[in-house]
Amino acid sequence: MSMSPREILAKKREAQGALLAEVTADLGAKMHDHFRAAVRDAVREVLPEVLDELRQTEGSAR
């Protein structure tokens, strides 16, 4: 029994939809991890300077 073009197209769309959902979820997780790492690295780079400036400001205010 052969499938009609409409049935073939419906199966193709169904398969693509499942694959797209899987890839989208995986990409979302990767983007989340990348964003967390970027923020962490930025904080590690900037925080010591900010703390030093804060200490200097507190020291000069006393």
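The values are calculated or read from the model by the stated rules, or taken from the named source; none is laboratory data. Just so it is clear, the model here is predicted, and its values are computed rather than measured. Quick reminder, even Gly has a Cβ in these numbers, built from the backbone with ideal geometry, and neighbours come from all protein chains shown. Keep in mind that these areas ignore ligands, DNA and RNA; they rest on the heavy atoms of the full protein, side chains included. Shrake-Rupley method; radii C 1.70, N 1.55, O 1.52, S 1.80 Å.
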State the label only: which of (1) 12.4, 43; (2) 26.4, 89; (3) 12.7, 35 corresponds to Rg and Dmax of the Cα atoms in Å computed from the shown model?
(2)
In Hz, Karplus ³J(HN,Hα) per residue of segment 25-39 (6.51, -1.76, 1.60; θ = phi - 60°; x = Gly, Pro)
4, 5, 5, x, 5, 5, 5, 4, 4, 5, 5, 4, 5, 5, 5
May I ask you to compute the full-extension gain from GLU58 to ASP41, defined as 0.36 nm times their residue separation minus their alpha-carbon distance, rounded to one decimal in nm?
3.5 nm
Accessible surface, the chain, averaged per residue in Å² (probe 1.4 Å):
98 Å²
Could you work out [θ]222 nm for the chain from helices alone, using -39500 (n - 2.57) per DSSP H run of at least four and dividing by all its residues? Round to the nearest 500 deg cm²/dmol.
-34500 deg cm²/dmol
So, taking all protein chains as they sit and a 1.4 Å probe, how much accessible area belongs to VAL43, in Å² rounded to tens?
70 Å²
If you take the charge dipole of the chain about its Cα centre, with +1 on Lys and Arg Cβ and -1 on Asp and Glu Cβ, which of GLN16, VAL50, GLY28 is farthest toward its positive end?
GLN16
Cut-off 12 Å between beta-carbons: net charge of the residues surrounding ARG6, Lys and Arg +1, Asp and Glu -1
+2
